[in-house]
Amino acid sequence: MDFNEENLAARLSGKRIGNNIHFFTEVDSTNDVLFKLARSGAPHGTVVIAESQTKGKGRLSRQWSSPPGCNIYTSIALRPSIEPVYAPQITLMAGVAVAELLSEYCTGVTLKWPNDVQIGGGKVCGILAEMSASDESIVDFIVVGIGINVNIRKMDIDESIRDRATSLAEETGQNISRLDLSAKLFDRFDVLYSRLLDSGFGPIKDAWLSYCDMVGKQVRVVFKNDIESGKVLGVDDFGALLISDEGGKTKRIIAGDASVLKE
Ligand code: BTN
């Protein structure tokens, strides 16, 4: 088994993301562990990665099933000098990083708002960013959590989500090295993060939209008791989904589960 702290640390030595790495056999949630480390001053680029999670967290207070021996569960600490309102740009950037990475392994990679990475329409990766900011003027730190279904077999995926989920191994027909994949993920993440700082959100948004197969389609977005429907126009600079409703009015949606409606 080459997926361990020693090998990963050797691959990431001297890099901006992952030079400071904490590898665990089991944690409650890599996001929670890293949040505590960041609060105690862990530097930009610190990574927590675990073989399994007992309380993996998904969006909208859901659980992220995290069995051992097959997938990637990781969190990355960032300390950007940005206002909290721009934090969603980091989440979308992370989605682009994963989409570009997985496209090295197979075709059919897409992004679904707010930030699911899919292959052939099945969810292969989820991203959960959590932020600390003492006021509205500046972010203290952001923890970007990434869960990728790598070698899990379809039949081992939680029954409640099996029909909507997939893994890289299912899509490629091959077992994938988690050591290689995670090392490449942190590299790709750093490239995209530097691009965001150097060139602004424009190129990241363009890349995100190029992977998004919802633009121009009719969608329904459900958030708690609210349902919004309309044609997808794109996303704005704050990560909100822009839709055009029946009357042609543009609406901003900031959270929810989107599904494309059949034409
Ligand atoms: C989603 O609901 O799509 C987001 C899922 C995010 C899961 C990852 S796994 C690593 C990190 N630690 C967590 O507890 N959650 C994120």
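The values are calculated or read from the model by the stated rules, or taken from the named source; none is laboratory data. All of these numbers come straight from a predicted model, not from anything done at the bench. Neighbour counts are summed over all protein chains in view; Cβ atoms, including those assigned to glycine, are modelled from backbone coordinates with ideal geometry.
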> If a residue has to be touching a Leu at 6+ places or on another chain (Cβ under 8 Å), more than 12 Å from Phe186 (Cα to Cα) and outside any helix (DSSP H, G or I) to count, how many in segment 5-40 make the cut?
Replying inline: 2
> How many of the residues in segment 18-43 are surrounded by 17 or more Cβ atoms within 10 Å (Cβ to Cβ) and touching a strand residue (DSSP E or B) at 6+ places or on another chain (Cβ under 6 Å)?
Replying inline: 13
> Just one of the numbered conditions (1) within 13 Å of the ligand (Cβ to nearest atom); (2) not assigned by TED's automatic domain parsing to the domain that holds Thr46 is not true of Asn115; which one?
Replying inline: (2)
> So which pairs qualify, if the first residue must be in segment 168-183 and among the basic types (Lys, Arg), the second must be assigned to a loop (DSSP other than H, G, I, E, B), the Cβ gap must be under 8 Å, and the two must be at least 6 apart or on different chains?
Replying inline: Arg178/Phe3; Arg178/Asn71; Arg178/Val150; Arg178/Asn151
> Restricting the search to segment 118-130, which residues are surrounded by fewer than 20 Cβ atoms within 10 Å (Cβ to Cβ) and away from the ligand (no atom under 14 Å from the Cβ)?
Replying inline: Gly120, Gly121
>> Condition first: touching a strand residue (DSSP E or B) at 6+ places or on another chain (Cβ under 8 Å) and of a type in the set (Ser, Thr, Tyr). Now tell me which residues in segment 207-223 satisfy that.
In response: Tyr211
> Is it the case that Val98 is within 30 Å of Pro203 (Cα to Cα), modelled with pLDDT of 95 or more and hydrophobic (A, V, I, L, M, F, W, C)?
Replying inline: yes
> In segment 68-103, which residues are part of a loop (DSSP other than H, G, I, E, B) and either within 14 Å of the ligand (Cβ to nearest atom) or not basic (Lys, Arg) (or both)?
Replying inline: Pro68, Gly69, Cys70, Asn71, Pro80, Ser81, Ile82, Glu83
> Does Thr110 qualify as being within 15 Å of the ligand (Cβ to nearest atom), surrounded by fewer than 22 Cβ atoms within 10 Å (Cβ to Cβ) and in contact (Cβ under 8 Å) with a residue 24 or more places away in the chain?
Replying inline: yes
> For segment 131-146, what are the residues that are of a type outside the set (Phe, Trp, Tyr) and more than 9 Å from the ligand (Cβ to nearest atom)?
Replying inline: Met131, Ser132, Ala133, Ser134, Asp135, Glu136, Ser137, Ile138, Val139, Asp140, Ile142
>> Checking the condition part of a strand (DSSP E or B), polar (S, T, N, Q) and within 13 Å of the ligand (Cβ to nearest atom), which residue from Ser52, Ser65 passes?
In response: Ser52
